[in-house]
Every structure is written in structure tokens, then in C-alpha cells.
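Presented below is the structure to which this report refers.
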Amino acid sequence: MTSHVSAATQVVNFTLKNGLELVVIPDHRAPVVTHMVWYRNGAADDPPGKSGIAHFLEHLMFKGTKAHPKGEFSEFISEVGGQENAFTGSDFTAYFQQVARQHLKACMEFEADRMTGLVLTDAIVAPERDVVLEERRMHCDTDPGAQLGEAVQATLFTHHPYGIPIIGWGHEIEGLKREDALAYYHRFYTPENAILVVAGDADPEETLALAEETYGKVKPRGAKPERIRSLEPPTVASRLVTVSDAKVYQPNWQRHYLAPSCRTAKPGESEALDVLGHLVGGGQTSMLYRTLVVEEKLAVSAWAYYHGTALDESRFI
């Protein structure tokens with residue numbers, strides 16, 4: 001086990017023998033802790049032809065293990081007055097619970113168990129796949145704004161998997177099977193591929209002891225899983241994407257640029273883009289909003305955004 005302390009923020013980092021990273025952020029203003037497990041895999045790590053599998057597996061992770069059948073974990077969180085949820089991004093999948101500090105160990109036990117103990121059957125997988133398909137129909141297929149966003153993303157990233165929606169393409173979701181979910185689960189859901197974050201009314205040494213007692217029992221699978229991604233080629237042509245729909249009365253205009261992320265940028269580039277996004281369109285005092293909305297009254301809203309936290313080349317909008 002190794003550790004590191006940041007004196008400026010009192011954030012403490014540990015690494016367990018099985019490779020799991022632990023980050024403790026003490027905040028004793030309330031007797032509450034947030035317990036989060038982040039996995040280094042997201043929608044951009046979906047195998048070709050299996051788009052949506054990372055998000056689909058996030059749903060399936062709530063279906064229970066041999067030790068804790070379906071619903072037991074969520075029922076416990078509800079009984080102790082806590083909150084829970086999960087989310088999938090292009091580069092990560094995360095699960096979290098917010099509970100009173102005395103229930104932290106129980107959350108660790110539940111989460112450590114489903115890191116490797118997930119039980120799936122076709123009877124569980126098929127109905128949940130229909131749930132995801134309905135989610136896509138509700139939030140993507142019937143929303144012109146979402147349709148435009150997906151089309152622009154796919155046009156901007158012609159080769160990199162960032163061009164694929166996080167929820168996946170409908171026709172590929174329809175083909176996802178139990179075997180696909182388990183293969184993805186066994187590849188990425190390992191202690192050496194996870195970061196455990198505990199923030200709130202937690203003592204670092206006590207939290208480390210709890211983590212070793214629970215997560216420390218999970219056997220590693222070896223080296224971290226490799227993330228294999230195609231790189232986006234240099235852009236040589238501008239592209240125009242248009243979506244028309246009778247339900248839309250106010251036009252929406254966007255311009256997207258390929259831009260380096262904080263990980264791929266040269267020193268100072270990412271910071272400059274972040275500041276530029278705030279100056280150009282970061283709120284009602286920004287240049288775009290002040291000019292187009294307040295002064296010239298050409299628009300009802302205006303904004304700019306730089307997605308600097310991406311793992312690979314990103315975008316400025």
C-alpha cells in the first residue's frame with residue numbers, strides 16, 4: 001500500500017495492494033459521506049458494433065449478486081435515508097451513494113461485492129435492454145435537439161469513438177446480449193481499474209482500514225485493461241449538419257471545433273481554452289450573451305463550452 005497527501009487541500013491518496021486507488025477528501029461540516037467508485041472505462045471503450053454496452057452494463061450492475069440479490073443494495077440505501085445513482089460518460093463509469101457516516105462500511109461491502117460478483121441471466125438482460133431502448137426513444141429519437149447533437153458529434157469525430165453516442169445506436173443496442181455484458185464486465189471491472197473516492201465526514205486512516213477490509217479482499221486480474229481507441233485524423237474540411245423538424249420554432253445554431261483536452265494539450269493550451277470559453281460564453285456577462293442577447297437582441301440565449309476533461313482530443317463549442 002502506498003499513500004500521498006496533498007497539503008493544500010488535505011486530500012489523501014492511497015493505493016491498495018490489489019491496485020485499487022483510494023482518494024479521501026475530509027469535510028467534517030456534516031456527519032455524511034459520499035462513497036463513489038469510478039471505473040476507467042466509458043462509452044468510447046465500447047467494442048466495435050457493441051455501442052451502448054458500457055451504459056447498458058451500468059443498468060445491469062443494479063441487478064444483484066449471489067451474496068446480495070437484486071434490490072438489496074438499493075433497499076438498504078433507502079432504509080438508511082441515503083441516496084444513490086450511477087452515470088456513464090465517454091471515458092468513465094461511476095457509481096455513488098450518499099449516506100450517514102456510520103453506513104460507509106456497508107456501502108463498501110456492497111460495492112466491493114458487485115465489482116466481481118455480478119450475476120446475469122437472459123431473463124434479467126432482455127427486459128433491461130428494452131428499458132435502455134425505450135430510454136433512447138424518449139430522450140434521443142423523438143428530440144430534435146438530441147438528434148442534432150448526435151449528428152454533429154458523429155460528423156466532428158469521423159474516426160474516434162467520441163462520435164458514437166454514450167447510450168449507443170439503437171440498432172446496435174438491440175443486438176446486445178448477456179455474453180457481451182459479461183465480457184465487458186470481466187475486462188474492465190477490476191480493482192486495478194477502479195478509483196474509490198470517499199468525501200465528507202471521514203478520517204483518512206479509518207477509511208483506509210475499511211477499504212482494506214472490504215475492497216482489499218477483491219483479487220486483481222493482473223495489469224490494467226488496455227484502452228484501444230482509434231485516433232481522429234487532422235481536419236481538412238468544414239462540414240455543415242442541418243436537422244429540420246416541424247416541432248421546432250426557434251432555430252439553434254452551433255459551431256464545434258476539434259480541440260486538445262487537458263491531457264493532450266501543450267502546456268498552457270487547455271487552461272487558455274477554458275478561460276476563453278468563460279469569456280466568450282460562460283454566462284450572462286460573457287461577450288456572446290451580452291452582444292447577441294442583451295444589446296442586439298438577436299438571440300434568446302448564447303453560450304460557449306470547452307470540454308477539457310476528455311481523455312483524448314476534445315471539442316470547443
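The values are calculated or read from the model by the stated rules, or taken from the named source; none is laboratory data. For clarity, every value in this text was computed on a predicted model and none was experimentally measured. Cβ: placed from backbone, ideal geometry, glycine included. Neighbour counts: every protein chain shown. The protein model used for the area step is the full one, side chains on, heavy atoms only, and it has no ligands, DNA or RNA in it. Shrake-Rupley method; radii C 1.70, N 1.55, O 1.52, S 1.80 Å.
Within the range 282-294, work out how many residues are in contact with a helix residue (DSSP H, G or I) (Cβ under 9 Å, 6 or more places away or on another chain), not small (G, A, S) and not in a helix (DSSP H, G or I). Residues flagged as in contact with a helix residue (DSSP H, G or I) (Cβ under 9 Å, 6 or more places away or on another chain), not small (G, A, S) and not in a helix (DSSP H, G or I) within the range 282-294 amount to 1.
The set of residues in the range 301-317 being over 12 Å from T264 (Cα atoms) and open to solvent by 70 Å² or more (accessible area, probe 1.4 Å) consists of S301, W303, Y305.
Candidates in the range 253-276 are the residues that are among the hydrophobic types (A, V, I, L, M, F, W, C) and not in a helix (DSSP H, G or I); of these, the one that is farthest from the chain's Cα centre (by Cα) is W253.
For the range 1-108, the strands (runs of 3 or more DSSP E) that sit wholly inside it and include 1 or more residues that are crowded, with 21+ Cβ neighbours inside 10 Å and not polar (S, T, N, Q) are 11-15, 21-26, 32-39, 93-100. Do we find that L210 is in contact with an Asp or Glu (Cβ under 8 Å, 6 or more places away or on another chain) and not charged (D, E, K, R) in this structure? So L210 does not fit the description; no. When A237 is tested against (1) without any contact (Cβ under 8 Å) to a residue 24 or more places away in the chain; (2) open to solvent by 70 Å² or more (accessible area, probe 1.4 Å), exactly one condition is not met: (2). Report whether or not A246 is among the hydrophobic types (A, V, I, L, M, F, W, C) and surrounded by 12 or more Cβ atoms within 10 Å (Cβ to Cβ). The answer is no for A246.
Farther than 26 Å from A44 by Cα, touching a helix residue (DSSP H, G or I) at 6+ places or on another chain (Cβ under 9 Å) and in a helix (DSSP H, G or I): is that true of L279 in this structure? Considered against the rule, which asks whether it is farther than 26 Å from A44 by Cα, touching a helix residue (DSSP H, G or I) at 6+ places or on another chain (Cβ under 9 Å) and in a helix (DSSP H, G or I), L279 comes out as yes. Looking only at residues of the range 118-142 that are of a type in the set (D, E) and surrounded by fewer than 17 Cβ atoms within 10 Å (Cβ to Cβ), we find that the one that is farthest from K63 (Cα to Cα) is D141.
Scanning the range 210-228 for any residue that is open to solvent by 30 Å² or more (accessible area, probe 1.4 Å), of a type in the set (D, E) and under 30 Å from L156 (Cβ atoms) turns up at least one such residue.
A search for C-beta distances below 8 Å between a residue of the range 277-288 that is on the phi > 0 side of the Ramachandran plot and any residue that is among the small types (G, A, S) and surrounded by fewer than 17 Cβ atoms within 10 Å (Cβ to Cβ), counting only pairs 6+ apart in sequence or on different chains, returns nothing. Is it the case that L176 is modelled with pLDDT of 95 or more and either in contact with a strand residue (DSSP E or B) (Cβ under 6 Å, 6 or more places away or on another chain) or closer than 19 Å to R114 by Cα (or both)? No.
Reported count of residues in the range 166-199, each being within 19 Å of V99 (Cβ to Cβ) and open to solvent by less than 10 Å² (accessible area, probe 1.4 Å), is 2.
Among the residues of the range 214-252, those that are part of a loop (DSSP other than H, G, I, E, B), within 30 Å of E111 (Cα to Cα) and β-branched (V, I, T) comprise V218, I228.
Number of residues in the range 263-300 that are open to solvent by 80 Å² or more (accessible area, probe 1.4 Å) and in contact with a Pro (Cβ under 9 Å, 6 or more places away or on another chain): the value is 1.
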